[in-house]
1. Can you list the strands (runs of 3 or more DSSP E) lying wholly within the range 58-131 that have 3 or more residues being buried (at least 21 other Cβ atoms within 10 Å of the Cβ)?
2. Pick from ASN102, ASN153, ASN179: which is over 16 Å from the mean Cα position of the chain (by Cα) and at positive phi?
3. Find the helices (runs of 4 or more DSSP H) located wholly in the range 274-382 whose residues include 1 or more that are within 18 Å of ALA71 (Cβ to Cβ) and not basic (Lys, Arg), and list them.
4. Which pairs do you get when a residue that is under 16 Å from ASP7 (Cα atoms), found in the range 49-72, comes within reach of a residue that is assigned to a strand (DSSP E or B), reach meaning Cβ atoms under 7 angstrom, with the pair 6+ apart or on two chains?
5. Residue pairs, Cβ under 7 Å, 6 or more apart or interchain, first in the range 2-18 and under 16 Å from TYR142 (Cα atoms), second of a type in the set (Val, Ile, Thr) and modelled with pLDDT of 95 or more. List them.
6. Report, ordered by the first and then the second residue, all pairs with beta carbons closer than 9 Å, sequence separation of six or more or different chains, a first member in the range 327-343 that is farther than 15 Å from ASP286 by Cβ, and a second member that is of a type in the set (S, T, N, Q) and at pLDDT 95 or above.
7. From the list TYR254, TYR245, TYR273, pick out the single residue that is surrounded by fewer than 21 Cβ atoms within 10 Å (Cβ to Cβ), of a type in the set (Ser, Thr, Tyr) and out of contact with any His (no Cβ under 9 Å at 6 or more places or on another chain).
8. Could you check how many residues of the range 166-182 are touching a residue at least 40 places away in the same chain (Cβ under 8 Å) and open to solvent by less than 10 Å² (accessible area, probe 1.4 Å)?
Amino acid sequence: MSKSICDEHLCTGCGACLNICPKNCIKFIEDDLDCLKPYINEDICIDCNMCRNVCPQLNKPVIHTPLNCYAAYIRKFEKRLDSASGGIARAFYEYCLQNIKNAKITGVYFDDNFQAKFILTDRMDDILKFQGSKYIQADTAYIYKQACEELKNGTFVLFIAMPCQIAALKNYLDLKNINQDKLITVDILCHGVSPQSYFNQNLEEIKEKLSYKSIEKITFRSNRKYKNFHLYIRGKKQNNKEKIYNKYAFEEPYYYGFLKGITLRESCYTCRYSSKERVGDITIGDFLGLSQMPSSPKFEESPINLSMILCNTEKGQKFISYFDNNIKLFERPYQEAIEGGASLQKPFPRHKLRNSFIKHYKKGKFVSVIKKIAFFDLFIYPFKIIHKKIYVHLFMRDLLK
């Protein structure tokens with residue numbers, strides 16, 4: 001198992017090679033940092049080079065300069081509450097399954113063991129499983145092959161994923177000579193991804209600390225009070241009583257390492273898709289730069305919990321035109337989104353503690369390593385939160401006198 005496809009530091013783990021291999025001789029195996037990497041069984045390999053021909057790191061697909069930029073949110077307030085920002089992905093999913101005959105959608109869900117996985121489905125119930133950000137590298141498995149078969153059979157496919165995964169799908173379909181007229185691709189504005197293994201280890205520590213017998217729900221973000229940008233866990237203890245675990249992002253080792261850029265996959269620090277040009281028909285994400293440019297037109301509504309939508313192709317623009325009744329759209333200058341959104345400019349920076357993490361990390365030691373190298377931040381942050389809560393309480397008390 002010595003052959004390589006692309007440089008191992010550039011590999012995004014997209015899984016395109018696994019899907020395209022005609023001999024099924026590729027397996028994904030965790031490396032020393034628990035990142036999944038492709039390994040080729042040379043005893044089976046026939047040197048067809050399909051894995052290299054499909055690899056987005058070796059063969060960059062066509063990218064597009066956005067045609068239009070919008071601030072947006074789903075009109076139904078309750079649906080927006082449990083979304084990460086404006087609920088746009090949910091609106092896309094619902095429209096496809098309710099209004100397009102013979103349609104299927106892709107999304108990431110947590111399985112019973114809270115492993116993040118892609119599925120292709122036509123079930124409305126699955127949309128709720130997709131809702132909310134999952135800041136973990138999801139297992140793509142054979143999702144490209146499944147999407148390909150559906151397109152061959154005339155199914156409409158809405159494919160929402162990270163930019164590198166959209167690039168993988170496009171390369172796969174091009175090599176298979178598949179007509180893509182019934183495909184809409186939506187790339188998510190991406191901060192980077194961390195391995196599932198790290199989250200598993202953090203979750204095991206939480207379960208042990210709180211004596212959880214079972215966990216029923218995990219949420220990284222929603223728009224409901226006390227959950228936004230938090231790790232929220234609902235589960236049952238050994239006595240069957242419900243227990244809520246709700247922490248600020250920077251209090252938790254996994255979330256801290258992810259947001260700071262300490263534990264991202266190595267390829268994320270050189271991501272070729274963190275740019276003004278986009279790979280999907282549509283791009284969605286948080287609208288971080290809204291109204292921040294001096295020359296920006298005034299935005300009349302609250303800028304909180306809004307999504308950004310970029311229409312990158314004519315097909316994407318046509319798709320957005322169907323949503324007048326479901327989505328509130330505000331056309332904005334694209335430069336506004338670029339200046340506010342770092343992911344539209346360059347990859348997330350490699351944190352100064354990254355090398356220390358690599359040096360000390362050993363399998364099964366994630367939490368202890370993060371606590372060791374970032375002790376001061378993780379120890380001090382809860383005191384900052386307490387101080388902030390006291391300040392807000394006193395401010396509100398004086399305001400209401």
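1. Numbers: elements: 68-74, 103-110, 116-121.
Filter on the range 58-131 gives 68-74, 103-110.
2. ASN102
3. 314-320, 334-340
4. Short answer, once both residue conditions are applied: CYS51/ILE26.
5. Pairs found: CYS14/THR140; GLY15/THR140; ALA16/VAL54; CYS17/ILE5; CYS17/ILE26; CYS17/VAL54; LEU18/ILE26.
6. Once the first residue is farther than 15 Å from ASP286 by Cβ and sits in the range 327-343, its partners that are of a type in the set (S, T, N, Q) and at pLDDT 95 or above give GLU331/ASN68; TYR334/THR65; TYR334/ASN68.
7. The unique qualifying residue is TYR245.
8. So the count comes out to 5.
The values are calculated or read from the model by the stated rules, or taken from the named source; none is laboratory data. Nothing here was measured: the structure is a model prediction, and the numbers come from that model. Virtual Cβ from ideal backbone geometry, glycine too; neighbours counted across all protein chains shown. Keep in mind that these areas ignore ligands, DNA and RNA; they rest on the heavy atoms of the full protein, side chains included. Shrake-Rupley method; radii C 1.70, N 1.55, O 1.52, S 1.80 Å.
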